[in-house]
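One structure is given below, encoded as structure tokens.
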Amino acid sequence: MSFVSDFNALPLGSLLKQSLSANSLQARAAMNKSDITLADFAQLISPAGSEHLEALCRRSQQLTQQRFGKVIRFFAPLYVSNECINNCSYCGFSRDNPILRVTLSIDDLQREARSLKEQGFRNILLVAGEHPKFVSNNYLADCTRALHEIVPSVSLEVGPMEVEEYRPIVEAGADGLVVYQETYDRPIYGEMHTAGPKRNFDWRLETPERAYTAGFRRLGIGALYGLADWRLEALSVAAHADYLLRNCWKAQVTISLPRLRPCAGEFQPLTHMTDRELVQLVCAFRLMFPDIGLVLSTRESAKLRDGMFPLGVTLISAGSHTEPGGYTGAGKEKIHQTVRGRIVEVGASEFATIGTAATNATGQFNIADDRSPEEIATIIRRLGYEPVWKDWDEALMTKAE
Amino acid sequence: MSSANKPLTIAGREFRSRLFVGTGKFCSPEMMRDALAASGTEMVTVALRRADLSGKRDPFANILEFIDPQKYLILPNTSGAMNADEAVRLARLAVAAGLPKWVKLEIHPDPRYLLPDPVETFKAAEILVKEGFVVLPYINADPVLAKRLQDIGVATVMPLGSPIGSNRGIETRAQIRIIIEQATVPVVVDAGIGAPSHAAEAMELGADAVLVNTAMAVASDPCRMGTAFKMAVEAGRAAFEIGLGAQHDTASPTSPLTAFLN
């Protein structure tokens with residue numbers, strides 16, 4: 001079982017062509033169908049489909065409310081390490097970027113988690129760069145266990161692993177795994193990932209399936225928009241989600257739609273996706289997958305997020321930090337640079353030149369919506385939705401006594 | 001002769017309302033509280049994964065604080081459980097947290113259609129009945145499974161009309177008819193009831209109660225919709241108790257052609 005062979009056989013070129021040449025009538029017809037195929041999805045995300053955006057939004061809103069109700073779930077990312085052995089041109093954590101790095105101790109991690117819990121979060125996404133020396137599998141299992149003492153729901157976004165390596169993490173209480181393919185365009189993937197294990201496109205593509213086999217029950221996928229043509233990425237994500245729903249049938253699948261944000265390394269996006277296109281894509285995913293979770297992060301601006309909350313999104317972050325220790329300053333005393341896998345102490349004078357605030361580790365990217373979780377919850381209520389913080393109980397995963 | 005519908009008795013407890021209500025999907029806990037009141041329900045089911053079971057009154061998971069246990073029987077449900085072990089564990093936790101020893105047993109491993117797993121549901125029901133729980137299992141409209149569950153001592157069976165949240169009504173009508181005909185415990189039609197007319201239809205068929213959630217929670221006015229369901233359930237039940245007239249393929253004239261012979 002693997003999505004790779006299905007993916008290789010996908011007629012992506014012809015689907016993209018159909019999308020770009022679709023007319024208004026075809027797009028409208030696709031919108032009114034009850035079972036959306038990948039070919040219909042191509043019509044929904046077409047330039048012609050954009051003419052029907054208002055109607056598309058209404059349909060998406062109605063489907064989302066029926067399936068999920070008038071509720072929006074909250075989660076928070078908790079970065080535990082920004083060490084990384086990969087070089088990804090678009091990522092601030094790339095190993096050759098001279099950034100301030102740190103890996104949190106378990107105590108630091110719990111301090112961060114308690115701060116998030118005080119703000120309301122009961123669902124934490126543990127994020128780490130990929131570095132076997134600093135971020136070992138045992139360390140991640142320990143982190144999961146420590147987080148689980150504080151909140152009921154723990155997901156991870158970390159370097160891909162083998163099934164057997166995932167199992168102890170599931171046993172430690174993790175329920176979800178998020179892995180973005182970044183780009184589904186093989187040539188661009190090759191250009192973007194110049195060093196490190198992440199170069200292996202197929203290994204990454206099969207990660208959600210391995211995670212499912214190991215027992216994870218929430219699988220998050222997505223592309224990073226800004227590297228390849230967004231419609232090609234969206235068609236690939238839709239095919240991937242469809243595959244996972246059929247083959248990993250007990251898992252709740254979520255799709256994230258991150259657009260590239262400014263980060264260390266000054267990489268500029270290679271392609272552009274407008275706000276209008278992002279909204280169109282969220283709604284198209286909803287029509288094709290009425291039951292799938294759709295994630296909106298603080299990468300997007302406050303104004304855009306407020307408009308998108310009622311259109312099909314089901315899971316949001318708020319008040320996020322993308323640097324380890326960002327919520328409390330935990331781990332600050334251990335900040336260093338890493339050169340060829342070795343820790344290099346940072347002198348006081350260098351602090352002033354390297355970092356921005358120069359007291360915390362460097363973030364993965366800049367966030368655009370820096371409002372507090374409380375502020376966002378107030379807006380959600382004003383929009384007629386209930387903010388849901390707890391939607392999971394540890395009893396669902398923890399082994400019986 | 002009284003014009004009131006007969007009360008419903010489950011595990012020795014009497015309910016005047018035959019409308020059970022779910023608590024998910026409402027736009028606010030205040031709206032949920034008001035809609036419950038408007039519906040006249042006396043049995044309210046709550047997903048344990050949404051509630052705080054630690055006893056610490058978590059302000060970020062405080063759904064139970066909006067449901068008055070003096071007014072409603074709180075029926076904990078095991079939604080989110082994918083197998084018998086998880087459901088049993090949740091049910092036990094609920095009791096430890098001070099909730100009633102009643103459980104709406106929901107085990108649906110497929111998060112898309114939320115269809116119940118008959119094998120795991122049966123296993124969990126066996127364990128929980130033995131432990132003294134009042135078990136109300138959510139099942140597909142499978143008459144044999146309903147009988148098997150009755151044999152082991154469940155308090156009701158809750159066959160689905162159509163998938164949860166689908167609003168498609170009683171698509172399993174023929175199977176539900178058999179379940180009702182053979183039932184030795186109350187039959188509660190659960191899931192898929194999208195309109196008051198669906199609720200009335202289930203009651204006219206002879207269901208003992210219905211459970212409604214999505215159709216009320218996502219309505220533009222959940223309170224009025226709650227009242228609409230209340231009336232529909234009462235009307236449907238009254239029609240069942242009175243007995244509906246037989247259906248004919250042809251018209252039956254009010255002035256018969258043979259009247260001159262009388």
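Here A:Pro160 meets the list (1) over 28 Å from A:Ala113 (Cα atoms); (2) in contact with a helix residue (DSSP H, G or I) (Cβ under 6 Å, 6 or more places away or on another chain) almost entirely, failing just condition (1). Looking across the range A:217-250 at every residue that is within 14 Å of another protein chain (Cβ to nearest Cβ) and buried (at least 24 other Cβ atoms within 10 Å of the Cβ), the one that is farthest from A:Ala42 (Cα to Cα) is identified as A:Leu219. Of the residues making up the range B:88-112, those that are under 25 Å from B:Ser162 (Cβ atoms), more than 9 Å from every other protein chain (Cβ to nearest Cβ) and not in a strand (DSSP E or B) are B:Glu106, B:Ile107, B:His108. When restricted to residues that are within 21 Å of A:Lys17 (Cβ to Cβ) and either part of a helix (DSSP H, G or I) or not hydrophobic (A, V, I, L, M, F, W, C) (or both), the range A:219-228 contains 1. Criterion applied to B:Leu149, B:Leu115, B:Leu136, B:Leu145 was being touching a Ser or Thr at 6+ places or on another chain (Cβ under 9 Å) and either surrounded by fewer than 17 Cβ atoms within 10 Å (Cβ to Cβ) or not in a helix (DSSP H, G or I) (or both), and the one residue passing it is B:Leu136. Of all residues being among the acidic types (Asp, Glu) and farther than 16 Å from B:Gly98 by Cα in the range B:63-86, which is nearest to the chain's Cα centre (by Cα)? Just the residue, please. Restricting to residues being among the acidic types (Asp, Glu) and farther than 16 Å from B:Gly98 by Cα, the top hit is B:Glu86.
Restrict the check to the range A:360-376 and report whether at least one residue is touching a Leu at 6+ places or on another chain (Cβ under 8 Å), within 14 Å of chain B (Cβ to nearest Cβ) and modelled with pLDDT under 90. Within the range A:360-376 (the criterion being touching a Leu at 6+ places or on another chain (Cβ under 8 Å), within 14 Å of chain B (Cβ to nearest Cβ) and modelled with pLDDT under 90), the answer is no, since none of the residues qualifies.
Cβ-Cβ distances below 6 Å connect the following pairs, each with a first residue in the range A:357-378 that is under 18 Å from A:Pro258 (Cβ atoms), a second residue that is among the acidic types (Asp, Glu) and modelled with pLDDT of 75 or more, and a separation of six or more residues or different chains: A:Gly363/A:Glu323; A:Ala368/A:Glu300. Here the condition is being hydroxyl-bearing (Ser, Thr, Tyr), out of contact with any Gly (no Cβ under 8 Å at 6 or more places or on another chain) and over 13 Å from A:Pro324 (Cβ atoms); of A:Ser136, A:Ser153, A:Ser94, it holds for A:Ser136 alone. Scanning the range A:371-381 for residues that are surrounded by 14 or more Cβ atoms within 10 Å (Cβ to Cβ) and part of a loop (DSSP other than H, G, I, E, B) returns a single hit, A:Arg371.
Among the residues of the range A:229-256, count how many are in a loop (DSSP other than H, G, I, E, B) and modelled with pLDDT under 95. Looking only at that region, the number is 4.
B:Val210 falls short on exactly one of the conditions (1) surrounded by fewer than 24 Cβ atoms within 10 Å (Cβ to Cβ); (2) more than 14 Å from chain A (Cβ to nearest Cβ); (3) in contact with a Leu (Cβ under 8 Å, 6 or more places away or on another chain), and that condition is (1).
Look at B:Thr9 and say whether it is more than 14 Å from every other protein chain (Cβ to nearest Cβ), among the β-branched types (Val, Ile, Thr) and closer than 22 Å to B:Asp221 by Cβ. No, not satisfied. Considered as a group, the residues in the range A:195-218 that are modelled with pLDDT of 90 or more and assigned to a loop (DSSP other than H, G, I, E, B) include one that is nearest to A:Thr183 (Cα to Cα), and that residue is A:Asn200.
Looking at the range B:10-44 only, could you name the residues that are polar (S, T, N, Q) and modelled with pLDDT under 95? If the condition is that a residue be polar (S, T, N, Q) and modelled with pLDDT under 95, then B:Thr23, B:Ser28 are the ones that fit.
Among the residues here, A:Leu109 qualifies as more than 14 Å from chain B (Cβ to nearest Cβ), over 23 Å from A:Glu266 (Cβ atoms) and either without any contact (Cβ under 8 Å) to a residue 12 or more places away in the chain or within 21 Å of the chain's Cα centre (by Cα) (or both). Taken together, the criteria place B:Ala37 among residues that are more than 14 Å from chain A (Cβ to nearest Cβ), closer than 13 Å to B:Met216 by Cα and surrounded by fewer than 18 Cβ atoms within 10 Å (Cβ to Cβ).
Restricting attention to the range B:197-222, the residues that are within 19 Å of A:Phe68 (Cα to Cα) and of a type outside the set (Val, Ile, Thr) total 9. Give me the helices (runs of 4 or more DSSP H) completely within the range A:18-95, filtered to those with at least 2 residues that are without any contact (Cβ under 8 Å) to a residue 60 or more places away in the chain and surrounded by fewer than 18 Cβ atoms within 10 Å (Cβ to Cβ), ordered by residue number. Ranges flagged: A:24-31, A:53-68.
Taken residue by residue, the range B:49-69 has no member that is over 30 Å from B:Glu126 (Cβ atoms), at pLDDT 90 or above, within 14 Å of chain A (Cβ to nearest Cβ) and surrounded by fewer than 18 Cβ atoms within 10 Å (Cβ to Cβ). Mind checking whether some residue in the range A:128-149 is buried (at least 24 other Cβ atoms within 10 Å of the Cβ) and under 17 Å from the mean Cα position of the chain (by Cα)? Within the range A:128-149, one or more residues are buried (at least 24 other Cβ atoms within 10 Å of the Cβ) and under 17 Å from the mean Cα position of the chain (by Cα).
The values are calculated or read from the model by the stated rules, or taken from the named source; none is laboratory data. Small disclaimer: the values here were computed from a predicted structure and weren't measured. Cβ sites come from the backbone with ideal geometry, for glycine too, and all protein chains shown count toward neighbours.
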